[in-house]
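The structure appears right after this line, and notes come after that.
The values are calculated or read from the model by the stated rules, or taken from the named source; none is laboratory data. Source: prediction; values computed, not measured. A quick note on method: Cβ atoms are made from the backbone with ideal geometry, for glycine too, and the neighbour counts reach across all protein chains shown. For the accessible areas, the whole protein counts, side chains as well, though only heavy atoms, and no ligand, DNA or RNA atoms are used. Shrake-Rupley method; radii C 1.70, N 1.55, O 1.52, S 1.80 Å.
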2 protein chains.
Amino acid sequence: MISRYFPILTWSRTYTRDTFANDAVAAVIVTIMLIPQSLAYALLAGLPPEIGLYASIAPLLLYTLFGTSMTLAVGPVAVASLMTAAAIGNLVAQGTPEYFGAAILLALLSGLMLLTMGLARLGFLANFLSHPVISGFITASGLIIALSQLKHILGVSASGHNLVELSREIGAQVTNLNAPTFAIGAGTVVFLYWVRSNLKPLLVRFGLSEKLAGSLAKTGPVLAVVVTTSVVWVFSLEAQGVAIVGHVPSGLPTPTLPVFDAGLWKQLALPALLISIVGYVETVSVAQTLAAKRRQRIDPDQELIALGAANIGSSISGGFPVTGGFSRSVVNHDAGAQTPAAGAYTAIAIALATLFLTPLLHYLPKATLAATIMVAVLSLVDLGAIRQIWTYSKSDFSAMLATILVTLGGGVELGIATGVGLSLVLYLHRTSRPHYAIVGQIPGTEHFRNVLRHDVVLTPGVLSVRIDESLYFPNARFLEDTINDEVAKDPLLKHVVLMCSAVNYIDASALESLEMINLRLQDNGLTLNLSEVKGPVMDRLQKSHFLSELSGEIFLHQYEAVCRLKPAKAPSY
Amino acid sequence: MISRYFPILTWSRTYTRDTFANDAVAAVIVTIMLIPQSLAYALLAGLPPEIGLYASIAPLLLYTLFGTSMTLAVGPVAVASLMTAAAIGNLVAQGTPEYFGAAILLALLSGLMLLTMGLARLGFLANFLSHPVISGFITASGLIIALSQLKHILGVSASGHNLVELSREIGAQVTNLNAPTFAIGAGTVVFLYWVRSNLKPLLVRFGLSEKLAGSLAKTGPVLAVVVTTSVVWVFSLEAQGVAIVGHVPSGLPTPTLPVFDAGLWKQLALPALLISIVGYVETVSVAQTLAAKRRQRIDPDQELIALGAANIGSSISGGFPVTGGFSRSVVNHDAGAQTPAAGAYTAIAIALATLFLTPLLHYLPKATLAATIMVAVLSLVDLGAIRQIWTYSKSDFSAMLATILVTLGGGVELGIATGVGLSLVLYLHRTSRPHYAIVGQIPGTEHFRNVLRHDVVLTPGVLSVRIDESLYFPNARFLEDTINDEVAKDPLLKHVVLMCSAVNYIDASALESLEMINLRLQDNGLTLNLSEVKGPVMDRLQKSHFLSELSGEIFLHQYEAVCRLKPAKAPSY
């Protein structure tokens, strides 16, 4: 029982020297990738760079204790950082101790919410974010983040959390562009794009193994950091207006206590909930995808607990909201990590970097970090998915488009809420006007299909209607109208059979409609029959008066119904 | 085409002297019943009594032009009057010209909304009010209305629009009870209950026909009005504190123009919408029930237009929101009305009463009207329905209970909103964890049913799963987990068949889940097959890559799937 909440007790039992070696190698590669990423995402969240490092230590250690994915890597990620900046930026000024305090509190709230949801086994709530909404949200966030980084690359100042605000401010400032900053920023962007598409093939051509070449190609951002930092230091470019990271305090984070300010807690509750849900969805998607590759399983409810613990840990160690990240987890997976212990080793490596490497970051230009973020998030913009969804389903597409447009125009929180709301409304609308088919027998089988799509045999005097939806209040009246209209078309009808193979539920409103249909048909000398009623639906009907009032019968299957109603059976009126 | 919007052009073509005679008799009976009702509901809405009469003239004439029900009678009704009082009472003081102006405006707004919804053919929106929610709402409203009338029967003053407020105020005042008022009020209640249950059988026993006795029994309220008015007049009880109706101006209403005050329009918009929807639902329910008895049909969208016109007419002639009433329509129907012309004759009769009978109403005690309302609304409280719904479905019951409690405690608008919201949430929750069954063949048939409920034959190596819900984002992950878990139970499996007879829709999220399931099964050497995929679902799948990636096949029906997969067919990996 206890091992359900501490998966480490299970996997550590089979931990060997080989597993350790694999985990340690993966940890080194992930650390090299994480250092610039952590700094960059702290910058994106409007926080000092060392906070990014802090948020990559305690959360990783805690995930090792509680996580069920063997390869997931948690830490600061782009979308959660943007959401953090948007949530806090509206309340307090960036750069103040209050801003920092609010970020810590946001991580705590998010952690507590995730933990509570995990203990209450509410993991299913994440399912209400549909793929098109998530995809649209990530695309729009990617665009906003990329645009928000443009100011660092241009060397101008601008703020704002949606496309309109950002474009206006950057447009007004573009003439104040700082040339050396722009050279560093744009140069890094071009370099990173080149690395991404060309370095791996090049290394392979030079004889490196596919895997090693892939790992080396991931070090592009570190290379960019080293080169641009050196250039700024050698040529003293900070004197020419190139913004640098500046003094980064060394040493491990000191434990902090979040402020207890009821007003602030209330204001941050909704953003914390949204960050939790979005972060959880990203985490579970990544973890499930990677687990499937190795035929492993994750426990979605335990992942809520693990992510909650990671966020509480981040808060207490002075960090900000963290999530299971896509790119770092893939790198961890590809580098051969076998267990969550790799995460603990990564945490130790980053702690060492925090202790000894921070002086080297002094001359690191912010434009380099901005370029790293920009290239990372633009890869999230998935135009192919938009086109695919357009082809497959117009209603999924409209939910996606609404999410993109509202996120771009009104911010991340409104964007997600709109997407989820619209998806549900469209679904309810669909079920309120269900598809139905008049069915007939496919010759040579006992199978009944739509008369409009298949060559079927109809039985004179019997109307068989298959209604393709659960019967519940939004479509109850539709059902009455449908049967009325179809019955009116054939004056020789004797029996109506409602084929219920697609009816998964009949609520009280629909039951009243069925009683009404039964009465009307009976008044007109027809019987109402049901076929293929599912077990759970039948259980419920047996608790009502409907079965005793029904003018016809309930048949186990449609073929039986037609066989029995076909001969000149005396109508029951 | 024009006759679609003016049904009178159709039914008037066959209008004969006989039809006229029937309509005229019904009009006389309905008028006798309507006069005290109209006065009482105006009182309930917090308006002068003559307004109730005004609201029973123009609306009836306009419904005759536009209505599609042959027997519906529109006018002031209890629930809409209560909602009117609740909506306006929060904004302006009762008894002021502003209060009257707001009631007129409310009718206009409601009329415009109904008309717009009718032209846009939005009648289906009313379907989102489920039967349990309507029933719960009417029960709770009935209790609130009855309690609100208690002050008139006790002769004390109290205000408030929910159970808590009303109970507290009446409780504080009960010692100030006015004895003659209480005698009249309580006496009328007892008398009306006696009439309702005993008068008709008594008259039948005295040899009257069933129908005549029924009609005479409906005149109870008129009798009570005549007797109590005479008593007050003869004994000058008004001097002893019995509240009377007082001066009622004679003459027809003069056309009024609603005030154009943007702030007030905005404040009344939501109440107007709710009154419109509740009124429309009541109207359509009554009209459809009565039409079904004569095998007639109504057009729900045209009913929106007719009800909209009636409300606009009510507003312009100085009335308040009107609705198709249940009891008056039943009386009209039972009295033999053949066409909506009966409504026009009723309107003329009420106009004559407004011209000549109002002086007789001077000494009418308000307690009598309150007693009439109380007895009418308490008959709406349907405890049997509550018990029935409890037995049939706990989720329908909880929506009903929430509607009742929130209506009683928080008012009518919040009550309805809660009921509708909760119904939808419960439905979505249900679909997010759908029922599924492992199915096998029922011997001697080609029919497949749940292995847990039927004696079925399973095919070794083939797992057939019937999932009982459309596949969409809230249950997409559930589907993946279900298939994973079921496949893990049998290591000898070769084929999985997803029987899709209950799958009415597959959205983009579920499609991704299917692709994931297909990949995982393929990795494990199994094929994924679908059977009984419906036409519309298949059309959509053909637009995706899924069919080309599918490791198995799509079978027309489950029997074919099992027949074809049964022999040692080479797996497709």
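In this structure, is B:LYS494 modelled with pLDDT of 90 or more, in contact with a Gly (Cβ under 6 Å, 6 or more places away or on another chain) and either facing chain A (nearest Cβ under 10 Å) or open to solvent by 20 Å² or more (accessible area, probe 1.4 Å) (or both)? So B:LYS494 fits the description; yes. If the Cβ limit is 6 Å and pairs must be 6+ apart or interchain, which residue in region B:259-274 that is within 22 Å of B:ILE134 (Cα to Cα) pairs with which residue that is surrounded by 13 or more Cβ atoms within 10 Å (Cβ to Cβ) and small (Gly, Ala, Ser)? Here the result reads B:PRO271/B:ALA87; B:ALA272/B:SER110, each pair linking region B:259-274 to a residue that is surrounded by 13 or more Cβ atoms within 10 Å (Cβ to Cβ) and small (Gly, Ala, Ser).
Of the listed requirements (1) buried (at least 17 other Cβ atoms within 10 Å of the Cβ); (2) without any contact (Cβ under 8 Å) to a residue 12 or more places away in the chain, B:ALA353 misses just one: (2). Residue count for region B:166-215 satisfying the condition of being touching a residue at least 12 places away in the same chain (Cβ under 8 Å), closer than 30 Å to B:ALA337 by Cβ and open to solvent by 70 Å² or more (accessible area, probe 1.4 Å): 4. In this structure, does B:GLU553 turn out to be under 45 Å from the mean Cα position of the chain (by Cα) and open to solvent by 10 Å² or more (accessible area, probe 1.4 Å)? Here the answer is no, as B:GLU553 does not meet what is asked. From A:GLY75, A:GLY118, A:GLY52, which residue is away from every other protein chain (no Cβ under 14 Å), crowded, with 24+ Cβ neighbours inside 10 Å and closer than 14 Å to A:LEU304 by Cα? On inspection, the qualifying residue turns out to be A:GLY118. The helices (runs of 4 or more DSSP H) located wholly in region B:16-130 that include 1 or more residues which are closer than 30 Å to B:TYR427 by Cα occupy B:78-89, B:97-119. Residues in region A:477-489 that are more than 7 Å from chain B (Cβ to nearest Cβ) and in contact (Cβ under 8 Å) with a residue 24 or more places away in the chain: A:PHE478, A:LEU479, A:GLU480, A:THR482, A:ILE483, A:ASN484, A:GLU486, A:VAL487. When region B:395-426 is filtered for residues that are surrounded by 24 or more Cβ atoms within 10 Å (Cβ to Cβ) and more than 17 Å from B:VAL278 (Cα to Cα), only B:ASP396 remains. Could you tell me whether any residue of region A:289-300 is more than 13 Å from chain B (Cβ to nearest Cβ), assigned to a helix (DSSP H, G or I) and open to solvent by less than 40 Å² (accessible area, probe 1.4 Å)? There is no residue in region A:289-300 that is more than 13 Å from chain B (Cβ to nearest Cβ), assigned to a helix (DSSP H, G or I) and open to solvent by less than 40 Å² (accessible area, probe 1.4 Å). Just one of the listed residues (B:PRO460, B:PRO443) is of a type outside the set (A, V, I, L, M, F, W, C), more than 30 Å from B:PRO271 (Cα to Cα), more than 13 Å from chain A (Cβ to nearest Cβ) and surrounded by fewer than 17 Cβ atoms within 10 Å (Cβ to Cβ), and it is B:PRO460. Considering region B:521-548, and only residues there that are away from chain A (no Cβ under 13 Å) and over 22 Å from B:GLU469 (Cβ atoms), the residue that is most open to solvent (accessible area, probe 1.4 Å) turns out to be B:SER548. For region A:124-153, the tally of residues that are open to solvent by less than 10 Å² (accessible area, probe 1.4 Å), within 14 Å of chain B (Cβ to nearest Cβ) and not aliphatic (A, V, I, L, M) stands at 4.
Annotation for region B:371-384: at least one member residue is more than 30 Å from B:ILE483 (Cα to Cα), within 14 Å of another protein chain (Cβ to nearest Cβ) and in contact with a helix residue (DSSP H, G or I) (Cβ under 7 Å, 6 or more places away or on another chain).
Only a single item in (1) within 19 Å of B:SER130 (Cβ to Cβ); (2) of a type in the set (A, V, I, L, M); (3) free of Cβ contacts under 8 Å to residues at least 24 places away in the same chain is not met by B:ILE404, and it is number (3). Among the candidates B:THR219, B:THR254, which residue alone is open to solvent by 40 Å² or more (accessible area, probe 1.4 Å), within 31 Å of the chain's Cα centre (by Cα) and polar (S, T, N, Q)? Matching residue, one of B:THR219, B:THR254: B:THR219. Could you list all residues from region B:448-457 that are surrounded by 16 or more Cβ atoms within 10 Å (Cβ to Cβ), touching a helix residue (DSSP H, G or I) at 6+ places or on another chain (Cβ under 9 Å), without any contact (Cβ under 8 Å) to a residue 24 or more places away in the chain and not charged (D, E, K, R)? Those that are surrounded by 16 or more Cβ atoms within 10 Å (Cβ to Cβ), touching a helix residue (DSSP H, G or I) at 6+ places or on another chain (Cβ under 9 Å), without any contact (Cβ under 8 Å) to a residue 24 or more places away in the chain and not charged (D, E, K, R): B:ASN450, B:HIS454. Consider region B:306-338. How many of its residues are assigned to a helix (DSSP H, G or I), hydrophobic (A, V, I, L, M, F, W, C) and at pLDDT 95 or above? Residues in region B:306-338 being assigned to a helix (DSSP H, G or I), hydrophobic (A, V, I, L, M, F, W, C) and at pLDDT 95 or above: 5 in total. The requirement of being away from chain B (no Cβ under 14 Å), assigned to a loop (DSSP other than H, G, I, E, B), at pLDDT below 75 and closer than 25 Å to A:LEU405 by Cβ is fulfilled nowhere in region A:163-171; no residue meets it.
Checked against (1) over 16 Å from A:GLY325 (Cβ atoms); (2) open to solvent by 20 Å² or more (accessible area, probe 1.4 Å); (3) within 24 Å of the chain's Cα centre (by Cα), A:ASN90 passes all but condition (3). Inclusion of A:ARG433 among residues that are closer than 29 Å to B:SER423 by Cα, open to solvent by 50 Å² or more (accessible area, probe 1.4 Å), at the interface with chain B (Cβ under 9 Å from one of its Cβ atoms) and in contact with a helix residue (DSSP H, G or I) (Cβ under 8 Å, 6 or more places away or on another chain) is warranted.
It is to be established whether one or more residues within region B:356-366 are open to solvent by 40 Å² or more (accessible area, probe 1.4 Å), within 18 Å of the chain's Cα centre (by Cα) and either more than 12 Å from every other protein chain (Cβ to nearest Cβ) or on the phi > 0 side of the Ramachandran plot (or both). No, the conditions are met nowhere in region B:356-366. Of all residues in region A:455-485, those satisfying the criterion of being acidic (Asp, Glu) and modelled with pLDDT under 90 are A:GLU480, A:ASP481, A:ASP485. Looking only at region B:266-276, decide whether some residue is more than 18 Å from B:GLY89 (Cβ to Cβ), modelled with pLDDT of 85 or more and within 14 Å of chain A (Cβ to nearest Cβ). No, region B:266-276 contains no residue that is more than 18 Å from B:GLY89 (Cβ to Cβ), modelled with pLDDT of 85 or more and within 14 Å of chain A (Cβ to nearest Cβ). Based on what the data block shows, is A:VAL281 touching a Phe, Trp or Tyr at 6+ places or on another chain (Cβ under 7 Å), more than 20 Å from A:ALA40 (Cα to Cα) and either at pLDDT 80 or above or open to solvent by 30 Å² or more (accessible area, probe 1.4 Å) (or both)? Considered against the rule, which asks whether it is touching a Phe, Trp or Tyr at 6+ places or on another chain (Cβ under 7 Å), more than 20 Å from A:ALA40 (Cα to Cα) and either at pLDDT 80 or above or open to solvent by 30 Å² or more (accessible area, probe 1.4 Å) (or both), A:VAL281 comes out as no.
Look through A:ASN518, A:ASN524 and report the one residue that is modelled with pLDDT under 90 and under 20 Å from A:ASP481 (Cβ atoms). The unique qualifying residue is A:ASN524.
Here B:ARG466 passes the criteria (1) more than 8 Å from every other protein chain (Cβ to nearest Cβ); (2) basic (Lys, Arg); (3) open to solvent by 60 Å² or more (accessible area, probe 1.4 Å); (4) under 30 Å from A:THR445 (Cα atoms) except the one numbered (3).
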